[in-house]
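Read through the structure below, which is laid out as structure tokens, and then see the notes.
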Amino acid sequence: MDSTFKYFIGVDGGGSGTRVIVAGPDMLPLASADGAPSALGQGIEKAWRSILDTIALAFANGKIPAPMLSECAIGLGLSGANNIIWKNEFYFRNPGFKKIIIDTDGFTTLLGAHLGAPGVIVAVGTGSVGMVLKHSGERENVSGWGFPSGDEASGAWLGLKACALTQKAIDGRRPHSPLSLAVQNFCGKTPNAFLAWLGNAHQNAFAKLAPLVFQSADTDNEALELLKKAGLEIAQMIKTLDPKSELPMSICGRLGEALIPYLPEDIKKRNQKAKGDSTLGALQLITTTSTTQKIK
């Protein structure tokens, strides 16, 4: 137990949403909430606003009077925290938490999945990242380069690939398919409408097309091939991180779990259900690292 702080807060902030868990000094969960996205790439001010709103909602859900921020320690696993400029600006804008620790959402997912023990994860959602914690204490990651050039197998990656196929179908460079028709119906039925959608699209927008790929897979071979390609990208991440297959491995994230049937058989057999999620990993971050910023 740690009585230094009244509450401990774990935050998982990504491109699709923010999840918060609140614990007491004994680290037992008291309340939780879901909120708007807080990936750092969408803006530091917006990220803080989403996080603070979701924390307030968590205390309200738990019927707990809102404390002063100086009574709280907060650990945050945030998409984009591997960008040192964004990370430093986020620290700089700390609204008053006495102890604040920031790392990537990939690392907090890793901590949560294996309860801080050595292991491998590939987390797939709007973006994607693979990460390993070795017995030596070293950590390494692959992918996570961000949209649009990286984040293979992610929702945004699938949506971008689906749009490329649809554009060819609109041009007549390939026949229309159930997937291209579904994408065009979602984005815009005319070329001009589709082009207007693309002009305003961002990572989240492309990720919203990922369900169409899954829905079309039974009747559209190219949709099925996209999912298999995503499975191969995940397998490559795992084999790069753990070439000798020595560590426990978990596929994390709702999209990651949906892609498990499309993994190569050897990877599918190795997969273990994560023991905890990124919010639990963010709580562990508070007690397992000395990288802190304190307000006196």
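See the values below:
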read-out	value
Test item: Cα-centred dipole of region 155-270, Lys/Arg +1 and Asp/Glu -1 on Cβ, debye	160 debye
Highest-first arrangement of 161-172, 127-138, 100-111, where packing means the average Cβ count within 10 Å	100-111, 127-138, 161-172
Residue (of Asn221, Thr104, Ser136) at the positive-pole extreme of the chain, dipole from beta-carbon charges	Thr104
Violating pairs (Cα-Cα greater than 19 angstrom) within the set Lys134/Lys239; Lys46/Lys98; Lys229/Lys268; Lys239/Lys275	Lys46/Lys98; Lys239/Lys275
Per-pair calculated FRET efficiency, R0 = 30 Å: Lys273 and Asn61 via Cβ, rounded to 0.05	0.70
Fewest-first ranking of Ser143, Ser50, using other Cβ atoms within 10 Å as the exposure measure	Ser50, Ser143
Sites Asp266 and Thr240 - FRET efficiency at Förster radius 22 Å, r taken between beta-carbons, to 0.05	0.90
Where a label projected 7 Å from the Cα of Lys228 along Cα→Cβ would reach, residues of region 198-219 with amide N under 19 Å	213-219
Gain on full stretching of the segment that runs from Trp197 to Phe92 - 0.36 nm per residue minus C-alpha separation	34.3 nm
Förster radius 51 Å - calculated FRET efficiency between Ala164 and Thr4 (Cβ-Cβ, nearest 0.05)	0.45
Positive-end extreme of charge dipole, region 155-270 - chosen from Pro211, Leu259, Gly188 (charges on Cβ)	Gly188
Stretch gain in nm, segment Leu115-Lys46, where the contour uses 0.36 nm per residue and the Cα spacing is subtracted	21.8 nm
Cα gyration tensor category, rounded, prolate or oblate, for region 48-99 with a/c compared to 1.5	prolate
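Read-outs: derived from the displayed coordinates by stated rules, not from any lab. Worth saying up front: this structure is predicted, and the values here are computed from it rather than measured. With ideal geometry, Cβ positions are generated from the backbone for all residues, glycine too; neighbour counts draw on all protein chains shown.
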